[in-house]
Every structure is written in C-alpha cells, then in structure tokens.
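One structure is given below, encoded as structure tokens.
The values are calculated or read from the model by the stated rules, or taken from the named source; none is laboratory data. Predicted model, so just to flag it, every value in this text is computed and none were measured. Cβ sites come from the backbone with ideal geometry, for glycine too, and all protein chains shown count toward neighbours. SASA here: full protein model, heavy atoms, side chains in, ligands and nucleic acids out. Shrake-Rupley method; radii C 1.70, N 1.55, O 1.52, S 1.80 Å.
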Amino acid sequence: MKTRQRWAAAVLAGGLLLGSTACGGGGDDGKKDSGSDAVDQKAIDEFAAQSATEIKDQVVADMKELDSLTMSAKITSNGEDIQLDLSMDTTGQCEGSMQLQGGTADLMSVDGDVYIKGDEAFWTATAGEQAETVLAVLDDRWAKQAGTGGFGSFCDLDSLLSSFEDDEGSDAEEAKDPTVGDVVEYDGQQALQLVTEQDSGTTTVWVAAEGAHYILRMENVGETEPGTITMTDFNEPLEVEAPAEDDYIDLSSL
C-alpha cells in the first residue's frame, strides 16, 4: 500500500513537473495551429518563451486552483502494473476504477468514507490471509472503509494539489531542469512540451499553452515507473452518491 500511496502523491507533485522522478517521454508529433487568432498566438508565444522555472511556477499556481479533474493513469511501479481512472474533487468526492495485481475494483469516496467493490483477484491480492473471509462476507457488495486513508489516498485531490507546495523527498537538488520544447496540438488544443532527460529515463509533460496552464499529459519512459498519465474534465462538477446501506459491509465491523 505504501508504494501505491507514494505514487499517488507523486502524480501531481511539483517534483514530477521538474523531472525529479525518473520518468519518460516521447510525445505526439504535432504542429502549431495556424488558425489561431493573433491575440491567442501572441499569448502562446509569450508563455513558451519563458524559462522552464517561470513556466513551472505558472503551471503549479493554476493546478492548485483546480476544484476537480479526471485522471487516467497506466504506470508500472516496482514491477507492479497499476491503472487508475478516477474523477475527484477538492471536497473529497471521488469515483472511478482501479486495476492492480491482476484485480479490478470500483472505488468511490463520499461523505468522508471510501467504498470499494472488487473482484476475487483484487481481494485475493490486497486482503492477504483475510481474502477468503472478506469475499464470503461481501458477497458482491461494496466494502466500506471509514475515513479516507488506504485506497482513499488515490482520491484525495486536495492533498495532491497541496503537494505542489512541498518538495520534501523530491530530490529536487539532484533534479535537472526540464527543457522547454515545442508547442504542439494535443487533443484539439495547443500544448507546450517540457522534457527532462535523466540517466534513468525521460519525462515529457504537456501543459496547456493558453488559458489556465493545466497539466494535460505525462509520459514516462525509463527503468523506473514508466507509464502515462492524462488529466481532463478540469473543474467539471462531480456528484457521488454512496451505496445504499444494504449494498455495503463496513469492514471495521468484521
């Protein structure tokens, strides 16, 4: 669990944007949108002309102002394949799914509690010696976890965004500054690429070049935690409804 929590906390950490985590790159080949009007293009050019540090500061500031987002991630951590598809907001609401250790589970966080509905492979991998008991008791119902620890750490957007302010443990002193790359077309908008080369791999980050400068995509290629993370649905309202009382079992009661 600690590995998954550390990875979740690193997803939006300022250190990742600076390339302090071993990650990797390669991006879509894109072209500048020649149809952009002069005012927008000027703003894009001015943003891209700044130093990497100035760009990073603007991205961090804009990300910290977010109320919600959807994150889709496929990453390998310590040889373990992890996939997350989660929508979350700063009030603690979250819903989506995760895949790890060959298992799949739906996940939601609402009203300060976490609910998990996993398949047999998921509970076998995560519940250890209690897996058989948990599977028998749940009988295809949700498992309620009081509080938002454990797997709920994936859903804590407020904490993740706050991690921008904390570079402790990010090895920032050893990190190389990213190179400001090209402005390319990404998913119908203009995005600036930031590329960091390290001995263990390459990090490529796409950030919105106009409007709010959100992180749109990260691609990691290298020996440590290769994978892809995309972020969408910025500030989209999120409404999560907890399962009915008959549809879940409170694991603390077992």
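The residues listed here are Glu173, Glu185, Glu197, Glu129; of these, the one that is open to solvent by 60 Å² or more (accessible area, probe 1.4 Å) and at pLDDT 90 or above is Glu185.
Taking residues in the stretch 69-96 that are under 20 Å from Ser159 (Cα atoms) and among the polar types (S, T, N, Q), and partners anywhere that are open to solvent by 10 Å² or more (accessible area, probe 1.4 Å) and modelled with pLDDT under 90, the pairs with Cβ atoms closer than 6 Å and at least 6 places apart or on different chains are Thr90/Asp158. Of everything in the stretch 202-247, what is open to solvent by less than 60 Å² (accessible area, probe 1.4 Å), part of a loop (DSSP other than H, G, I, E, B) and in contact with a strand residue (DSSP E or B) (Cβ under 6 Å, 6 or more places away or on another chain)? Give them in sequence order. Ala209, His213, Tyr214, Glu225, Pro226, Phe234, Leu238, Val240, Ala242, Pro243, listed by residue number.
The combined condition, being acidic (Asp, Glu), open to solvent by 50 Å² or more (accessible area, probe 1.4 Å) and more than 25 Å from Ser159 (Cβ to Cβ), is fulfilled by Glu46. The condition of being surrounded by 18 or more Cβ atoms within 10 Å (Cβ to Cβ), assigned to a helix (DSSP H, G or I) and either at pLDDT 85 or above or not aromatic (Phe, Trp, Tyr) (or both) holds for only one of Ser162, Ser153, that being Ser153.
Filtering Gly102, Gly79, Gly96, Gly112 for residues that are open to solvent by 10 Å² or more (accessible area, probe 1.4 Å), among the small types (Gly, Ala, Ser) and touching a helix residue (DSSP H, G or I) at 6+ places or on another chain (Cβ under 8 Å) leaves a single hit, Gly102.
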